[in-house]
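> Structure in structure tokens, see below.
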Amino acid sequence: MRPYDTSFLPVSDILTQTKFFLSWIATAAIVLSPALMLSMKGGTGYCFFIVLALSLLHLGNREYRIQAARLWREHRWFLASLFGLPCIVLFQILVMRTGTFPSLDPLLRLPLAIPSFFFLASMQSRQLRMVQWGFAAGALAAGAWSIYALSHPAVWTDGTRLGNSFTNPIPFGDTALLLGFLSIASLRRADTRGHPVEIAIKFAALVGGLFASYLSGTRGGWIAIPVLLWFTVSGRHWLAARSVRIVLIAAIVGGATGAVSTHDIRARFTAIATDLQKMREGNADTSTGARLELWRASALLYTRHPVLGVGRGSLAKSLGALSAHGEAPNYIVNDRAHNDFFSILAEMGTVGVAALLLLYSATFMMFWRLRRNADPEIATAAYLGLLIVSATILFGMTIDVFTLVMNVAFFALTIVTLLAWIEARKREIAQSDRITAATRPIDIGDASRQRSTSIPGK
């Protein structure tokens with residue numbers, strides 16, 4: 001018999017084996033998505049579309065479409081929120097002629113992740129939870145690149161801040177930081193300790209992510225650290241001990257003090273004060289001053305186009321018009337407002353801001369409600385989801401997260417992977433409960449009482 005010859009198998013067995021192989025291909029893709037994010041240009045995008053293609057094959061089966069309909073009904077607010085931003089941009093392009101197709105491209109990853117969710121939710125939880133090793137691999141890769149860069153000055157951006165060949169320092173540092181915290185936060189929230197090797201690898205990943213973020217000089221990412229740390233340690237049983245909390249607080253304070261005392265971090269935050277002083281003297285042409293002027297101009301554009309904004313992808317043109325009329329300095333003319341809220345406020349108006357807030361709130365609340373689940377895996381996946389959403393919101397204060405294809409693909413695929421992990425665990429727990437109930441021994445006394453109550457006249 002030839003290896004892998006399935007001609008002798010019934011159709012149902014062939015379908016089962018096919019789904020088995022496809023599920024492991026999808027597993028590899030969801031692991032490689034974060035692992036390749038900072039080391040291979042387009043790597044996350046390739047993984048995104050591999051899972052999407054597999055999901056379309058999956059939905060060709062009627063039974064799976066029925067399961068998908070059930071998942072849609074259960075998570076309709078979250079799934080509907082993924083359509084908001086791209087639908088607004090599509091309306092701007094087709095009806096108002098103000099939006100641009102390149103600006104629509106990244107946002108399309110949000111609704112395109114929905115079929116992937118339906119497929120991933122049909123897989124086993126043990127496959128889906130392997131995404132945690134992708135987080136660790138991505139953070140370790142960022143740390144390794146940072147160590148390499150120390151002895152190769154040519155790879156640094158302007159000689160002082162670290163990025164890579166396809167990512168500038170801000171998204172590089174933010175992403176490395178997020179991957180590091182996702183790695184350590186993926187340790188199960190169970191009463192038993194994790195394996196020492198697992199703990200060591202994930203702690204090393206956290207250190208790698210922090211080191212890469214440090215070398216990137218990304219202040220916006222550093223501001224998010226307290227929130228990321230909170231969601232990392234929340235829900236841990238060992239925090240119940242007062243002595244542990246004291247040690248943890250001491251370690252955090254010590255680490256923060258040590259970090260702030262370093263020259264690079266001190267210089268980055270001192271630069272903010274220097275920039276503000278220059279603004280008071282009438283010179284806003286600084287990093288901080290330019291951002292504030294950019295946000296002011298974006299708010300001005302909103303007052304003139306309050307409903308749907310100037311059009312996604314039309315910010316630079318509109319800022320140029322303001323500059324030509326002397327209403328904004330020329331040095332702020334840019335394709336992005338360096339802030340998700342102000343970019344969407346100016347380009348998509350009130351409707352766009354409402355869609356953004358719906359996306360944030362629907363995604364956040366979905367995981368928030370599950371964070372105290374009795375099952376350790378569900379609780380862990382929920383906290384990972386909260387960490388990603390919180391990081392996206394906070395990073396979006398200093399960078400346009402939803403304009404980068406890499407960022408949107410990672411956000412969308414990772415969020416649906418975590419939700420699918422939760423759904424898979426729910427299904428497995430329900431199946432286990434049904435089996436337990438079916439095999440439970442019948443109490444003879446209870447059975448006799450049930451028979452006696454069913455006999456007429458008794």
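Conditions tested, residue by residue: (1) among the aliphatic types (A, V, I, L, M); (2) buried (at least 21 other Cβ atoms within 10 Å of the Cβ); (3) in contact with a Cys (Cβ under 9 Å, 6 or more places away or on another chain); (4) more than 18 Å from Y46 (Cβ to Cβ).
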{"site": "R97", "(1), (2), (3), (4)": "no, no, no, yes"}
{"site": "T100", "(1), (2), (3), (4)": "no, no, no, yes"}
{"site": "D105", "(1), (2), (3), (4)": "no, no, no, no"}
{"site": "F119", "(1), (2), (3), (4)": "no, yes, no, no"}
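> Tally the residues that are aliphatic (A, V, I, L, M), over 26 Å from D105 (Cβ atoms) and not in a loop (DSSP other than H, G, I, E, B), restricting the search to the range 323-336.
Qualifying residue count, the range 323-336: 1.
> Within the range 24-41, track down each residue that is touching a residue at least 12 places away in the same chain (Cβ under 8 Å), over 18 Å from A420 (Cα atoms) and surrounded by fewer than 24 Cβ atoms within 10 Å (Cβ to Cβ).
Within the range 24-41, L36, S39, K41 qualify.
> Is it true that some residue in the range 140-156 is in a helix (DSSP H, G or I) and under 16 Å from T414 (Cα atoms)?
No: the range 140-156 contains no residue that is in a helix (DSSP H, G or I) and under 16 Å from T414 (Cα atoms).
> Identify all residues within the range 176-203 that are assigned to a helix (DSSP H, G or I), out of contact with any helix residue (DSSP H, G or I) (no Cβ under 7 Å at 6 or more places or on another chain) and among the β-branched types (V, I, T); write none if there are none.
The answer is V197, I199.
So that you can scan it fast, the table gives a plain yes or no per residue for (1) crowded, with 16+ Cβ neighbours inside 10 Å; (2) under 27 Å from C87 (Cβ atoms); (3) at pLDDT below 95:
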site	(1), (2), (3)
T303	no, yes, no
V307	no, yes, no
N339	yes, yes, yes
A346	yes, yes, no
G352	yes, yes, no
A355	yes, yes, no
S361	no, yes, no
R372	no, no, yes
T392	yes, yes, no
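> Answer yes or no as to whether A284 is in contact with an Asp or Glu (Cβ under 7 Å, 6 or more places away or on another chain) and either on the phi > 0 side of the Ramachandran plot or at pLDDT below 80 (or both).
yes
> Can you tell me which residues in the range 35-69 are over 30 Å from W145 (Cα atoms) and among the basic types (K, R)?
Hits for the range 35-69 are R62, R65.
> Could you list, in sequence order, the residues of the range 20-59 that are under 16 Å from the mean Cα position of the chain (by Cα) and β-branched (V, I, T)?
I30, V31, T44 - these are the residues of the range 20-59 that are under 16 Å from the mean Cα position of the chain (by Cα) and β-branched (V, I, T).
> Under 29 Å from A420 (Cα atoms), in contact (Cβ under 8 Å) with a residue 24 or more places away in the chain and either among the acidic types (D, E) or not in a loop (DSSP other than H, G, I, E, B) (or both), is that true of L206?
On the way: under 29 Å from A420 (Cα atoms): yes; in contact (Cβ under 8 Å) with a residue 24 or more places away in the chain: yes; either among the acidic types (D, E) or not in a loop (DSSP other than H, G, I, E, B) (or both): yes.
Against the criterion (under 29 Å from A420 (Cα atoms), in contact (Cβ under 8 Å) with a residue 24 or more places away in the chain and either among the acidic types (D, E) or not in a loop (DSSP other than H, G, I, E, B) (or both)), L206 qualifies.
> Something else: Taking the condition over 19 Å from K41 (Cβ atoms), in contact with a helix residue (DSSP H, G or I) (Cβ under 8 Å, 6 or more places away or on another chain) and either in contact (Cβ under 8 Å) with a residue 24 or more places away in the chain or buried (at least 18 other Cβ atoms within 10 Å of the Cβ) (or both), does L128 pass?
Spelling it out, L128 is indeed over 19 Å from K41 (Cβ atoms), in contact with a helix residue (DSSP H, G or I) (Cβ under 8 Å, 6 or more places away or on another chain) and either in contact (Cβ under 8 Å) with a residue 24 or more places away in the chain or buried (at least 18 other Cβ atoms within 10 Å of the Cβ) (or both).
> Do we find that R312 is at pLDDT 95 or above, assigned to a loop (DSSP other than H, G, I, E, B) and basic (K, R) in this structure?
Numbers: at pLDDT 95 or above: yes; assigned to a loop (DSSP other than H, G, I, E, B): yes; basic (K, R): yes.
So R312 fits the description; yes.
> Taking the criterion of being modelled with pLDDT of 95 or more, among the polar types (S, T, N, Q) and more than 29 Å from A337 (Cβ to Cβ), would at least one residue in the range 428-449 satisfy it?
no
> Let me ask something additional. Give the residues of the range 264-301 that are touching a Pro at 6+ places or on another chain (Cβ under 8 Å), outside any helix (DSSP H, G or I) and buried (at least 17 other Cβ atoms within 10 Å of the Cβ), sorted by residue number.
A284, the sole residue that qualifies.
> While we're here: Return only the number of the condition from (1) within 18 Å of the chain's Cα centre (by Cα); (2) over 30 Å from S318 (Cβ atoms); (3) among the aliphatic types (A, V, I, L, M); (4) at pLDDT below 95 that I170 does not satisfy.
Evaluating I170 over (1) within 18 Å of the chain's Cα centre (by Cα); (2) over 30 Å from S318 (Cβ atoms); (3) among the aliphatic types (A, V, I, L, M); (4) at pLDDT below 95 leaves (2) as the failure.
> Restricting the range 137-160 to residues that are crowded, with 17+ Cβ neighbours inside 10 Å and out of contact with any Pro (no Cβ under 9 Å at 6 or more places or on another chain), which is nearest to F172 (Cα to Cα)?
A142
> Being modelled with pLDDT under 95 and among the hydroxyl-bearing types (S, T, Y) is the filter here, so list the residues in the range 16-38 that pass it.
T16, T18, S23
> Take the residues in the range 72-101 that are in a loop (DSSP other than H, G, I, E, B) and either of a type in the set (S, T, N, Q) or closer than 20 Å to L413 by Cβ (or both), then tell me which one is nearest to the chain's Cα centre (by Cα). I'd like the intermediate steps shown before the answer.
Looking only at the range 72-101, we keep the residues that are in a loop (DSSP other than H, G, I, E, B), and these are 75, 82-83, 97-100.
Now restrict to residues that are either of a type in the set (S, T, N, Q) or closer than 20 Å to L413 by Cβ (or both): 75, 82-83, 98, 100.
Working: H75: 18, L82: 13, F83: 17, T98: 29, T100: 25 Å.
Going through the qualifying residues, I end up with L82.
> While we're looking at this one, here's another question. Across the range 353-406, what is the number of residues that are in a loop (DSSP other than H, G, I, E, B) and either in contact (Cβ under 8 Å) with a residue 40 or more places away in the chain or not hydrophobic (A, V, I, L, M, F, W, C) (or both)?
12
> Also, quick follow-up: In the range 202-222, which residues are more than 18 Å from N164 (Cα to Cα) and charged (D, E, K, R)?
K202
> Another question about this same structure. Quick one: count up the residues across the range 130-156 that are more than 15 Å from the chain's Cα centre (by Cα) and under 12 Å from T417 (Cα atoms).
The qualifying residues number 1.
> Scan the range 35-71 residue by residue and report those that are hydroxyl-bearing (S, T, Y) and part of a helix (DSSP H, G or I).
Hits for the range 35-71 are T44, Y46, S55, Y64.
The values are calculated or read from the model by the stated rules, or taken from the named source; none is laboratory data. Only a predicted model underlies this, so the values are computations on that prediction, with no experimental measurement involved. Glycine also receives a Cβ, built like all others from the backbone with ideal geometry; neighbour counts cover every protein chain displayed.
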